[in-house]
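Written out below as structure tokens is the structure these notes cover.
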Amino acid sequence: MKKKNPSERIGLLGGTFNPIHNGHVGAALSARERTALDRVLFIPSFIPPHKDTGDIEKAEHRFKMVELAVRNRPGFEASLIELEAGDTSYSIVTLGKIKKIHPTAQLFFLLGIDAFLDIRTWKHYERILEQCSFIVLSRPPFSLDAARDVLDPGLHEAFRDVGEEGLDLEKEKAEGVIYLLPIPEIDISSSDIRLRLSEGRSINGLVPPDVERYIRDNELYQSKQRSRDKTVPFSKDSLTQEVQAAVQAAQEKMAEDMILLDLKELSSFTDFFLIMNGRSTKQNTALCDHIERVLRQMRMRPLSIEGRSNGEWILMDYGYLIIHIFSDETRAYYSLEKLWGDAPRLQF
């Protein structure tokens, strides 16, 4: 058993994590770096007391996604403490359990300003404020200064602003302190990710790659209709916004002989091949750069790009969409259209 550090500083980051995304991970990274936390526990809730549970995935899925998101990140750990309880997840109860496990550690609740503004709805919130400290993270459009307006004037002395130099928690021994910590803006939400998935749109760059693969492999957050029938009419109007944007970007740079192959029923590694060629390797590189720039503006980032240096065959892997940009000779040699001859296709 790992020996407990008696002076350990532990951040507690709770939530439904439905699903966990890069905003959660980035916020925790900023908090740990700026406040010298030793560890951050990511604590998925079993039944959150303040949320509609209608669209929340099963606990085992949410916990597995948290595990995948934090593995190989020193100081981050997924905690089962609320899921194992199998009941409504109240912070006061969770705090008591963690205090028993780590009786000498300093505990800090990590939460966004939007969540802190609802703290008066928490069960026994006054006791929570007495038993640990809080690190409240900025989250537009909410102002960190609004946190002071939530609590009674007698508690205003508990607030402390964290400047650019950060905070040395080793020197901060008192409980009941509320640290206001501005962090870089990360405009990602779980609700937007669920909406994108229900519409068949990309979430590339919004969640860690392992989490994205887990979601795809387990068909999470799909609409009931999409889960029952994956066969969507294959037409230009049925394409996701990202695929349409990739096609338009290629057309803007004068791509030639462009076709889209629907591989959903034929392949386990992607849904679409977008194939095109340019008149020269220089044009191929320009096509790649322009498509990448357009998709990045839609928060869609490639898993990898290969072949950009020579331009004969550039492969842009976006997970469910793989883009092939060929020279004439290389395209004729590999003939992907013939290799996937049974795939439905669209010509542009």
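What follows is calculated from the coordinates using simple rules that are stated; it is not laboratory data. Note that the coordinates shown come from a computational prediction; the quantities given were computed from them, not determined experimentally. Ideal geometry is used to build each Cβ from the backbone, glycine not excepted, and the neighbour counts take in all protein chains shown.
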The chain - share of DSSP beta bridges that are antiparallel (%, nearest 5): 35 percent
Between GLY15 and residues 5 or more places away or on another chain, the pairs with built amide H atoms under 5 Å apart involve ILE43, SER45
Estimate the FRET efficiency between ASP192 and ARG120 by the formula 1/(1 + (r/R0)^6), using the beta-carbon distance for r and 45 Å for R0, to the nearest 0.05. 0.95
Label zone at MET298 (point 7 Å along Cα-to-Cβ), backbone N below 19 Å, segment 308-335: 315-325
How would you rank 300-310, 190-200, highest first, on the average number of other Cβ atoms within 10 Å across their residues? 190-200, 300-310
Going Cα to Cα from LYS282, which aspartates and glutamates come in below 18 Å? Please leave out same-chain ones fewer than 8 positions away. GLU252, GLU256, ASP257, GLU292, GLU306, GLU312, ASP328, GLU329
Karplus (6.51, -1.76, 1.60) ³J(HN,Hα), θ = phi - 60°, over segment 77-90, in Hz, Gly and Pro reported as x: 8, 8, 10, 8, 4, 8, 5, 5, 5, x, 8, 4, 8, 9
Hey, rough spin-label estimate for ASP149 and ARG308, points 7 angstrom out along Cα→Cβ, what's it come to in nanometres? 4.5 nm
Shape verdict for segment 231-347, please, from the Cα gyration tensor: rounded (a/c under 1.5), prolate (a/b greater than b/c) or oblate. oblate
Tell me, what is the percent relative contact order of the chain, built from C-alpha pairs under 8 Å that lie six or more residues apart? 14 percent
On each of the three principal axes of the Cα atoms of the chain, give max minus min coordinate, whole Å, ordered largest first. 73, 44, 43
Antiparallel versus total DSSP beta bridges in segment 275-348: what percent is that, nearest 5? 75 percent
Taking Rh as the Kirkwood radius, which is the inverse of the mean 1/r over Cα pairs, what is the Rg/Rh value for segment 7-109? 0.95
Highest mean first, how do 147-154, 133-140, 211-218 rank when packing is the count of other Cβ atoms within 10 Å averaged over residues? 133-140, 211-218, 147-154
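For n ≥ 4 DSSP H runs only, could you compute -39500 (n - 2.57) per run for the chain, divide by its residues and tell me the 222 nm figure to the nearest 500?
Per the formula, -9500 deg cm²/dmol.
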Suppose a student asked you for the relative contact order of segment 231-347, using Cα pairs under 8 Å spaced at least 6 residues apart; what percent would you report? 29 percent
